[in-house]
Ligand SMILES: [Zn+2]
């Protein structure tokens, strides 16, 4: 199974919003760099919006969506979600690293105190 087939098999998950964050990143990255898969996503997304509009016909009929714009917006949100996730992963790394050095420093200081007291 090549990458494009793999990605295209995930399109419905993407549209349903049931994709895990890890897969989402690979998916969006591929969609942004592969014309063929983007085209495929566009078709599915257009169908999806069409169905959505049928289901909500009685509500104010949105002036026929700018479909490319809607998909672009969807992808933009996905990218923001991915960036936000990277940011928090980075933050967590910084916090863990800082905590590690603080504990190490505390242990060293404690050792020095024991040494000064002649206990070691
Ligand atoms: Zn592809």
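The values are calculated or read from the model by the stated rules, or taken from the named source; none is laboratory data. Here the structure is a predicted model, which is why all the values come from computation and not from measurement. Using ideal geometry, Cβ is built from the backbone for each residue, glycine included, and neighbour counts are taken over all protein chains shown.
If you go through region 9-24 and keep only what is surrounded by fewer than 17 Cβ atoms within 10 Å (Cβ to Cβ) and either within 9 Å of the ligand (Cβ to nearest atom) or without any contact (Cβ under 8 Å) to a residue 40 or more places away in the chain (or both), you end up with 9, 12, 13, 16, 17, 18, 20, 22, 23.
Contact annotation: residue pairs with Cβ atoms under 7 Å, 6 or more positions apart or on different chains, pairing a residue in region 25-36 that is over 17 Å from residue 74 (Cβ atoms) and near the ligand (Cβ under 10 Å from one of its atoms) with a partner that is modelled with pLDDT of 95 or more and in a helix (DSSP H, G or I), are 36/4.
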